[in-house]
1. Tell me the residue from A579, A491 that is open to solvent by less than 30 Å² (accessible area, probe 1.4 Å), assigned to a helix (DSSP H, G or I) and farther than 22 Å from R327 by Cα, please.
2. Any idea how many residues of region 227-259 are crowded, with 21+ Cβ neighbours inside 10 Å and within 15 Å of A308 (Cα to Cα)?
3. Criterion first (over 21 Å from V366 (Cα atoms), among the hydrophobic types (A, V, I, L, M, F, W, C), open to solvent by less than 20 Å² (accessible area, probe 1.4 Å) and part of a helix (DSSP H, G or I)) does A464 satisfy it?
4. One residue is enough: does region 429-436 have a residue meeting the conditions in contact (Cβ under 8 Å) with a residue 60 or more places away in the chain and β-branched (V, I, T)?
5. Output yes when any residue across region 589-606 is in a helix (DSSP H, G or I) and without any contact (Cβ under 8 Å) to a residue 24 or more places away in the chain, and no when none is.
6. Among the residues of region 543-551, is any open to solvent by 20 Å² or more (accessible area, probe 1.4 Å) and among the acidic types (D, E)?
7. Taking region 194-215, which residues are closer than 16 Å to L41 by Cα and surrounded by fewer than 21 Cβ atoms within 10 Å (Cβ to Cβ)?
8. Any idea which of (1) open to solvent by less than 20 Å² (accessible area, probe 1.4 Å); (2) in a helix (DSSP H, G or I); (3) among the aliphatic types (A, V, I, L, M) is the one V521 doesn't satisfy?
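The values are calculated or read from the model by the stated rules, or taken from the named source; none is laboratory data. The shown structure was predicted, so the numbers you read here are calculated from the model rather than taken from an experiment. Neighbour counts run over all protein chains shown; Cβ positions are idealised from the backbone, glycine included. Accessible surface areas use protein heavy atoms only, side chains included; no ligands, DNA or RNA. Shrake-Rupley method; radii C 1.70, N 1.55, O 1.52, S 1.80 Å.
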Amino acid sequence: MRTANDAAGVTAELAAVPAHERVALVDPRFVGHVHALRLALTDPRFPAAAVRGALSVQPEARTALARAVTAAAATARTSGSGGGAPTAAPARALGPAESLERETAPTGVPATVPGRAGQARPPLGSAPRPGADAGGGDAGAASSADAAAHASGEYAESRSRTRPSGTAAAPGAHSRVDDLAAALDAEGVPVHRPELGVLVAAVPADALSRAKAQDAVDAVDDERVRLRSAVKSRDGFFTTFCISPYSRYIARWCARRGLTPNQVTTASLLTALIAAACAATGTRPGFVSAGVLLIASFVLDCTDGQLARYSLQYSTLGAWLDATFDRAKEYAYYAGLALGAARADGDDVWALALGAMVLQTCRHVVDFAFNEANHDATGNTSPTAALSGRLDSVGWTVWVRRMIVLPIGERWAMIAVLTAFTTPRITFYVLLVGCALAACYTTAGRVLRSLTRRAERTDRAAHALAELADTGPLAELVAKAAPRGPSSYLAPLSAALGAAAVLAGTAAAGFGSWVPVGCAVLYAVLAGVAVAAPLKGPLDWLVPPLFRAAEYGVILILVACSEVNGALPAAFGLIAAVAYHHYDTVYRIRGGTGAPPHLLVRAIGGHEGRTVAVTAAAALLHHRNQGFTIALTALAAALALAVLTESIRFWVSSGAPAVHDETGEPA
């Protein structure tokens, strides 16, 4: 904790804080809720964040802050004014006894109070001592933590009660901290200003306004708001009404015992794996237990995100673990159902399990590609989007649309109930039909939006789509040899023709023919044409999902037609390894670190190289009893080893900026 009396003092204190640490500045006259300060001072996802009278800055924005403070010091020297200076404090991890969860200090305590280990902390939520008014030279205090933060506050109160960040019930006094935040904005440093809802963040100008601000603080239950804000504002029906009403309290219980979101995520994975093992027993008690445990796993899956929002612990690693573990849980459960069906009555449903995995993964690729293509598109309007906005104003249509897309809550609830009361085959049939209808609904809506949207896609969006395409050396050679100029629909048309050719050729020729190999080579050529120019067309976001459908679909068709013992489980493992690579790519892009190294993408062949390899293995090894199965198993093991090794190395050591999915938007 550092204190300063004027801008020059802040400059000196900032220079004493190591450049790799985050710093926080708080006006000594600040009055507000503890959670308002949490939102401003402990968010690792933004280079800077602020509410009225409080500002935190990440290491990457320290240089800009230093320039702003230096300019403020020069202005103060010129004008001879030095009051209301903030304090700079280095960020450090706060232990449970030292966290921002303390009760607010009573009015009238000093601006700094003793903390543990000789440190000092501010009286959060309290008024400063008398005399710390505008123009005074009283020292202030600030605190920041390495705990991560909460996104913008979509609280249960109506939007009409929401005040923008940095406002208070009264206009308040002039604050140098707010001047510094404005200076960072002027320098191009994005300053995150969280919506506070009914929370208070104020810099009172006098004793009367200070008393009013304190009354406003006392009138709002900070903990109640914090619990509500732990839940996504836009989530599925099942999650919103059947899970979140109690899972938020589980999240608070975990926070008070020092558990981290990643630990809860891991517990959710272990619970789902036990559920899969129960399903694999093939007995009715095992199926019932599997359904119950799957729901328990989903409760924990909701709890980890709510714990992150409640305790402000965000990380890119956490978001990546949450997403990849969700897929690992779902795929492991599919495998457990397939094993259970075989044990129960000898029913072979591996093809259905593989089909469910392929369909679900392709759905997610559609989501990711569409969102990346339109992440920063300009002129982002369309009649379809306008219609969607009008439907959102009718309450019941919002929930119907969220359920139609079969999000993870509805999907897992359906799987759990069907597992407990029916057979694995019925479970997969219903799942496939439901996911297919949801995929048609979402994809059709996004195509209509894209066709009617007047938008200009950016270089960033085109680069993200190129990385999602996962192009290997074969298609790269074609792209270099046959360059093309920009075209509105050539890229998705080429990708669609290539996917249709290889899928139709494989299905028509069957297992053991060389026709699929020729179709795979044609597919590689057309894939190269598709990515020869930047993907900036209105439907170019369809290119990655078309590539995924072609690669996964060819493997599914070949193993389903092969009737080779063990080929389906081996293909299940192969697609799981490739899907992991594709999800890993998505979350690296979301974290702003780019796709996996190009050397890795080339080493594992790219989507077109793997397609050619699998069709060639089927043609060469069809006459050998277990040759095709062994080839698929070896390919799956090699891919998994390469992808997992590089992925774990990256996520452990990258230091990527924190991200978290807060939208809860229906797919």
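1. Exactly one of A579, A491 is open to solvent by less than 30 Å² (accessible area, probe 1.4 Å), assigned to a helix (DSSP H, G or I) and farther than 22 Å from R327 by Cα, namely A491.
2. Residues flagged as crowded, with 21+ Cβ neighbours inside 10 Å and within 15 Å of A308 (Cα to Cα) within region 227-259 amount to 10.
3. Numbers: over 21 Å from V366 (Cα atoms): no; among the hydrophobic types (A, V, I, L, M, F, W, C): yes; open to solvent by less than 20 Å² (accessible area, probe 1.4 Å): yes; part of a helix (DSSP H, G or I): yes.
So A464 does not fit the description; no.
4. Kept after step one, since they are in contact (Cβ under 8 Å) with a residue 60 or more places away in the chain, are these residues of region 429-436: 429, 431-432, 435-436.
Within this subset, residues satisfying the condition of being β-branched (V, I, T) are none.
Checked against the condition, which is being in contact (Cβ under 8 Å) with a residue 60 or more places away in the chain and β-branched (V, I, T), region 429-436 yields no hits at all.
5. At the first step, the residues of region 589-606 found to be in a helix (DSSP H, G or I) are 589-590, 598-603, 606.
Subsequent filtering for residues that are without any contact (Cβ under 8 Å) to a residue 24 or more places away in the chain retains 598-599.
Checked region 589-606: at least one residue is in a helix (DSSP H, G or I) and without any contact (Cβ under 8 Å) to a residue 24 or more places away in the chain.
6. no
7. Within region 194-215, E195 is the sole residue that qualifies.
8. The one condition V521 does not meet is (1).
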